Every structure is written in C-alpha cells, then in structure tokens.
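In what follows, a single structure is set out as structure tokens and then discussed.
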Amino acid sequence: MRVLIIKTSSMGDVVHALPAISDMARAIPGIQIDWLVEKSFAAMPQQHRAVQRVITLQWRKWRKSLRTPDTQAAIRSWRAEMGQHRYDLIIDLQGLLKSAAFACFAQGRRAGYDWHSIREPLASLFYSRKGHVARNLHAVDRCRQLVAQVLNYPLPDTPPDFGLQASPDAWRPAGSRPYAALIPCASRPEKLWPQQDWIDIGQQLRAQGMDVAVMWGSPDEEQRAKTIAQAIDGAVPPFLTVAQVGDTLANASLVIGLDTGMTHLAAAHGRPTLGIYCDHEPGLAGVTGPGQVISLGGKGQVPSLAAVTQALRTLQPL
C-alpha cells in the first residue's frame, strides 16, 4: 500500500502530523509513506523513520511570481514529481482549499476531514473518503484520528510517537556542560514575551550551572537573541537549517520557548519543554511530546516571570 500525506506548513503543524505517520506504519506493515511539504520544512518528515519519500514545493515563494519563467519551470518539475506514482490514498491533513488543490496533482483517491471537521469546509468536496473528527481536540489527536478513520484501523491508545531520528553531531555551546535552549522568537510580535524576562530566566539557568543557547531564525530574531545572550553570557548559534535546529534542540537538557515551531520540535524530540503562550490558546496546539512538557498562558494571558520561574522548578533537565 502506498500513501501520500499532504501537510505542507507551518513548522508546528508539520510536527503535529508526525505521530499519525508512526501510527499508520505500525497498523499497516509494509506501507509506503510519501509526504508533500514546503521545502523549508522538509527535514522533519525526512527524519521520520517511516517516511520513504519527501516531495517538496515552494508555494510561499511561487505565489509571488507565478508568471515568471523560473517559477513556471519549477511548478512543471513539481507536477512531474507528483505524478511519478499512483497512490492507494492521498490524505490531506492540512484541510485547506490550497492543500486539497495540491492533492489533485497526485494520482489516487483523496481523503480528508469532512465538512464539519475541516478548517475550510469547501476543501472537503475534493475528497472521496472523509473522516469526522472533533474540532476541539489537540492538533496531534486530530491528525491521528483522521488517518485511523480513512485507513480503517483502530485508533491506538498509545502516547504520540513522533518518530524523529536526531543526529548527535549538532551545534552546541562551546564546552561540555549541559545546555538549555531559549527560543524567544516568534512569527508575530503579539506572541513575544518581554525581553527582560528572558534575561532573568537565562540568568537563573546560568546560576544553576547550565550553558544557555539562544535560538533564532531571521535577522531580526538574531539581534534579539544576541541581546539576550550578551546579558546572560549565553551563546548564539550561527544560521542553522531546520535539520540542524532539530538536532541542537534534541541534544538540549531543557528548552523554554514561545508558541513557535522550534518549541514544538523540541518537545517532539522528548526534551523537557516549557511553552510560553502570549497570543494563542494552548488547548488546541499546546506543547506535547514524550518528555515532560508544560504550556503556560493563552490568548491575552501573558505568563508572568514568577509563573514561568515556578513552572521551571517542576521540570527535570536531562
């Protein structure tokens, strides 16, 4: 049996889809699993032990220049790759009109959430097989339930298995001491936590004898990371690919981060992880993983420094 998964972005959404892949690999021995994903996030499905083939696209880039020769050539190449195999089932875990449209370029029957379960109901019209999944579940559970329904196997009652295989050859702060990773960067300013609070947390970790790595992903985030690191005598990595970020986080003893893909990736690798939510409710996308995890805050409920400090006392560094 050959299946294509459609889950293109964002980083956190891709992370949340990983346990469904582990489930189907266990439920259907010998299944071949391919995955369509944005090129910038390809490292995550590539690091999953059950994924055979990763197909990439660059829709975020292409949509800005659809009529240029380079973009047209890239789309033709992508369409040819999508058509290389016929699939027994194409499962759209994104639930958007654009992801349903992407699925149409592959050969095979399409499956996804039904009208009442999906983010964009019109997308459900593209599917011949549909699953009904409650919308108030965590994103990980929604993906696991949908895949179990459309592939017709019992939903496992085991904890989520993200299936990631990290490399020990990761960037780390100089020295041999255990290190914590701070992730003070986010896609929107509303998600940010006060810079001075990050400095206070970093100083607490340094006082406990830990090195501290301050992560970043864009030039603006790099400057923020450097400011925090300078105040706590921490370390700032060079620019890292998504695969390198995952490896660095997978080797950290402790991770504290905002509601962002890096934080979810750290938890997926089993790190003790504290997620700080300043502009989103964690119920549907809280930090989850095989290790110890805590989610603080919510929409309009910025966690205080005291609350984060208290939560950190309950996390046991690896």
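The values are calculated or read from the model by the stated rules, or taken from the named source; none is laboratory data. Given the structure is predicted, the values throughout are model-derived calculations rather than measurements. Here Cβ is always computed from backbone atoms with ideal geometry, including for glycine, and neighbour counts include all displayed protein chains. Side chains included, ligands, DNA and RNA excluded: accessible areas come from the protein's heavy atoms. Shrake-Rupley method; radii C 1.70, N 1.55, O 1.52, S 1.80 Å.
Tabulated values for the structure
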| item | result |
| --- | --- |
| Residue under evaluation K130, criteria (1) open to solvent by less than 60 Å² (accessible area, probe 1.4 Å); (2) in contact with a strand residue (DSSP E or B) (Cβ under 9 Å, 6 or more places away or on another chain), criterion not met | (1) |
| Some residue of the stretch 20-39 being of a type in the set (F, W, Y) and farther than 17 Å from L164 by Cα | no |
| Counted residues, the stretch 1-21 - those being surrounded by fewer than 21 Cβ atoms within 10 Å (Cβ to Cβ) and either of a type in the set (S, T, N, Q) or over 26 Å from T263 (Cβ atoms) (or both) | 4 |
| Any helices (runs of 4 or more DSSP H) falling wholly within the stretch 1-108 and containing at least 2 residues that are under 22 Å from G217 (Cα atoms) | 11-27, 43-46, 59-62 |
| Boolean, P168 is open to solvent by less than 50 Å² (accessible area, probe 1.4 Å), in a loop (DSSP other than H, G, I, E, B) and touching a residue at least 60 places away in the same chain (Cβ under 8 Å) | no |
| Options I199, I232, I228; residue that is within 25 Å of the chain's Cα centre (by Cα) and within 12 Å of L182 (Cα to Cα) | I228 |
| Inter-residue pairs, beta-carbon under 9 Å, first within 21 Å of A267 (Cβ to Cβ) and acidic (D, E) and in the stretch 125-153, second open to solvent by less than 10 Å² (accessible area, probe 1.4 Å) and not in a helix (DSSP H, G or I), 6+ apart | D141/V133 |
| Residues within the stretch 139-162 that are in contact with a Leu (Cβ under 6 Å, 6 or more places away or on another chain) and part of a loop (DSSP other than H, G, I, E, B), tallied | 1 |
| Some residue of the stretch 186-202 being without any contact (Cβ under 8 Å) to a residue 60 or more places away in the chain, in contact with a strand residue (DSSP E or B) (Cβ under 8 Å, 6 or more places away or on another chain), surrounded by 23 or more Cβ atoms within 10 Å (Cβ to Cβ) and not in a loop (DSSP other than H, G, I, E, B) | yes |
| Condition met for S176 (in a loop (DSSP other than H, G, I, E, B), more than 19 Å from V37 (Cα to Cα) and touching a His at 6+ places or on another chain (Cβ under 6 Å)) | no |
| Residue match in the stretch 253-263 (condition: of a type in the set (D, E) and crowded, with 21+ Cβ neighbours inside 10 Å) | yes |
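Matching residues to (1) of a type in the set (V, I, T); (2) modelled with pLDDT under 95:
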site	(1), (2)
A231	no, no
G234	no, no
D247	no, no
I256	yes, no
T260	yes, yes
L265	no, no
